[in-house]
Amino acid sequence: MLKVLPGFKIIQAGPQSVLQDDGRFGYQRLGFANGGPLDAESYYWAQRLCGNNTTATAIEILLGGVVLEALADTVIAITGAEMPVTINGERISLWQSHRINTGDKLEVGFTSVGLRSYLAVSGGFNVPDILGSSATVIRDEIGGLDGKALQVGQLLNINNQLSHKILMLAKSSRPKIKASSAGGAAEIELRLLPGYQFERFPEEKRQLFFSSTFRVSNRCDRMGYCLNGPDVSSGVSSLLSEGICHGAVQVPPDGQPIVLLNDRQTIGGYPKLGSVVSCDTGKLAQCGPGSRIRFSKISVRQAHSEILLASERRERTLLISLNS
Amino acid sequence: MRVEDTGENSVIAWFADKASVEVNESVVATCRNLEQSMGDTIIDLVPSYASLLVVFDPFKTHHAEVHEWLSAAFESINPTETITKVIELPVLYGEAYGPDIKRIADNAGITEFQVAQLHQSIEYRVYAIGFAPGFAYLGEIDLKLATPRLEIPRQNVPKGAVAIADRQTAVYPSESPGGWNLIGLCPTRLIDPTEKLPMPIAVGDWVRFIEIDEAQYLNLGGEL
C-alpha cells in the first residue's frame, strides 16, 4: 500500500492559506519563528476528528475562499471560524468529519464569525519537515510546500491512513468564537501574566492598560496584533534586545500595545508588559480589525494550571461517533 | 543574575543592564549548563546580549523548578571552561558591492580602503541572533565606522550584504528589507534550514572578516 498519495488539487487558494503542524521548536536561538496554528484549540479538534495525532499537518485558512478537488477517497474535518462549506454543492457541518471521494469538490466559503479555520485530512497532509516541522512561516520563507501560502494549481499529498469513523464534537465542547470578521462584535478579554518590564511602566499607565478597551487595528497578522487605544507607553527608552515569548505584549514609543503571536521575531528591544496566556491568544486570532479587547491579570500559578487543565479537559472529551 | 517569569511556560534571566563580553559569556555558559540539566524539558532557549529566555514544556516542569535550574546553571559556571570558536568570513568590499562604504569613509575622513582595513582589524563577538533567521549581531566595530541606521530602510538588501549600524556589524543571511549601511558582500552561506546544523555561527562565537577580490568571491559561490 502506498504511504503517500496525491490528496487534493488547489482550485482556489483564498487570501492566505498556510500548511501548519504544531510548530517549529528549538530553533528560535537561530532566529526561526515557531509558526504553528494561531488558534491551537480549533486545530487540535480538526486533528482529533480525523483520527490523527495532534501534531499532524493541516491547512490554516484565513477568511475562507478555498476550493479543492479531491484526488483520493478520504476523510476531512473543518473547525474554527464559521463559514459555509460544501462538498459538490451540498452543505456540510463544521466540527465533524466527512467522507470525501475522488473527484469531489470541496468549497470553503467566506467567514461570517471568526477569521481562521482549520482543514485536516485523515493521516495529515504530507509535507517535508524542515528543522523538524512543516509549519509555514512566510516571513522566514520556510515550511509548507515552498515557504509561502498555498497557490492555485498546487497538489497536496496526504499520508495514507485507512479511513476511520465519522466523528463529531458536541456543541458544548466547541470553543466559543465570538468575534466577527466584520468587527463590532462582542468584547473579548485577554488574561495577561505581568512580567518583563511590567514594573517599569508608570502605575497610572498600568491602571489605564487594565481599565481601557482597545480595538484591533488593521495591522493584525500571524506575527502579531497591533491594538489601538489610550497611550500606555512606559517612558523606558531603548532596552537591549531580549527573547520574546509567545503572547508578549510590547509597547513601542507610540504607546499602542502589540500582542506578539506565532510568527513574531525572536528577539526585540521594546518594553513589554508581560504576556497573554495561549488559551486567549487563540481567541484573539479569531478577531478582525475593530474588535474590542480588554485585559485582566492572571497569576503565574493560575496561568500554568490553566494549560494543564485545558489539556486534560480536551483529552478526556469523547467525540460522538456518527456511524460504526 | 535576576530571574523573572515572563509567560505561562517561560522565564527570563537578566545578567546585567549593559552588554559586555563578560556578561554575554555568562549568558552563553548558563545556557550551555541549562541544556545539560533541563534536557527535554526545554522547548526553546533564546540567548541574547545580556539575557536568556527559557521556554519550557509545561507538562514536564514548572516555573519554580526552572528558577532553581537557572540558579544552579549560573552558579556552576566555570570561567576556565570558556570555549572560543572563531569563524572567518570573506568579504568583497567596495562601493560597487556595498553602496554606503563611500559615505562612511567620507564621514570618517578616511578612504574606502581604510574602512575595509578597520572593519577587518577586530574580532567581533556574536552577541545575539534574531531579526531574521541567521542574522547575527556582531560587535563592537571601531568608533570611526559607527554609523546610524538609514532614515528610510531599503526595500531589498541583497543576500550576503555586509552591513554596519551604530557600533554593530552583520551579514544579511538572505534578501530582506533593511536599514543598515552596506559596505560589501560575503559569499558564505550563513543559514540553510535543510542542513542538520543550519548555521555555522552561534551566540558567543567570534567572527573575523577577511578581504577577498571579485574572482575569489565568485569562486566561493558569491553572486553578483
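What follows is calculated from the coordinates using simple rules that are stated; it is not laboratory data. Values in this document were obtained by computation on a predicted structure and should not be read as measured data. Every residue, glycine as well, gets a Cβ built from its backbone with ideal geometry; the counts of neighbours run over all protein chains shown.
Ranked by the mean number of other Cβ atoms within 10 Å of their residues, highest first, the peptides A:11-19, A:188-196 come out as A:188-196, A:11-19.
Normalised size of chain B, defined as Cα radius of gyration per 2.2 N^0.38 Å with N residues, equals 1.11. In straight-distance terms, cross-link reach from A:K148 covers every one of the lysines whose alpha-carbon lies under 21 Å from its own, apart from those fewer than eight places away in the same chain; here that gives A:K9, B:K159.
Charge dipole of chain A (Cα centre as origin; +1 on each Lys and Arg Cβ, -1 on each Asp and Glu Cβ, all else neutral): 560 debye, rounded to the nearest 20. Counting, for every residue in B:49-56, the Cβ atoms of other protein chains within 10 Å of its Cβ and taking the mean gives 5. Taking amide hydrogens as placed 1.01 Å from N in the peptide plane, the amide H of B:V157 sits under 5 Å from those of B:S176, B:G178, each at least 5 positions away in sequence or on another chain. Inter-chain neighbour count for A:255-266: the average number of beta-carbon atoms from partner chains within 10 Å of each residue's beta-carbon is 1. Rounded to the nearest 0.05, the FRET efficiency derived from the C-beta distance between B:T80 and A:K105 at R0 = 56 Å is 0.25.
Between B:L218 and B:I110, the contour length at 0.36 nm per residue exceeds the alpha carbon distance by 36.1 nm. When peptides B:105-116, B:213-224 are sorted by average Cβ neighbour count within 10 Å, with the highest value leading, the order is B:105-116, B:213-224.
Computed over segment A:188-312, relative contact order equals 38 percent, with contacts defined as Cα pairs under 8 Å that lie 6+ residues apart.
Given a Förster distance of 41 angstrom, what is the FRET efficiency for A:D254 paired with A:S112, based on the Cβ-Cβ distance and rounded to 0.05? Efficiency for this residue pair is about 0.80.
Dividing the convex hull volume of the alpha carbon atoms of segment A:4-174 by its residue count gives 102 Å³ per residue. Inter-label distance, A:R174 to A:R91: 1.3 nm, where each label sits 7 Å from its Cα along the C-beta direction. Legend: mean number of C-beta atoms from other chains within 10 angstrom of residue C-beta atoms, peptide B:191-204, equals 3.
Here's the list of lysines a cross-link from A:K283 could span, going by alpha-carbon distance under 23 Å and ignoring same-chain residues fewer than 8 apart: A:K171, A:K176, A:K178, A:K272, A:K297. Of interest is the spacing of the C-alpha centroids, which for segment B:51-69 and segment A:96-120 amounts to 39 Å. Highest mean first, the peptides A:276-282, B:93-99 sorted by other C-beta atoms within 10 Å per residue fall in the order A:276-282, B:93-99. Annotation: average projected area of chain A is 16.3 square nanometres, based on the convex hull of Cα atoms across all directions. Taking the convex hull of the alpha carbon positions in the protein assembly as shown and averaging its projected area over all directions gives 26.5 nm².
In plain terms, the chain from B:A64 to B:V21 could stretch by 12.6 nm, reckoned as 0.36 nm per residue minus the Cα-Cα distance. Full extension of the chain between A:A310 and A:R215 gives 31.5 nm of extra length, using 0.36 nm per residue less the Cα-Cα distance.
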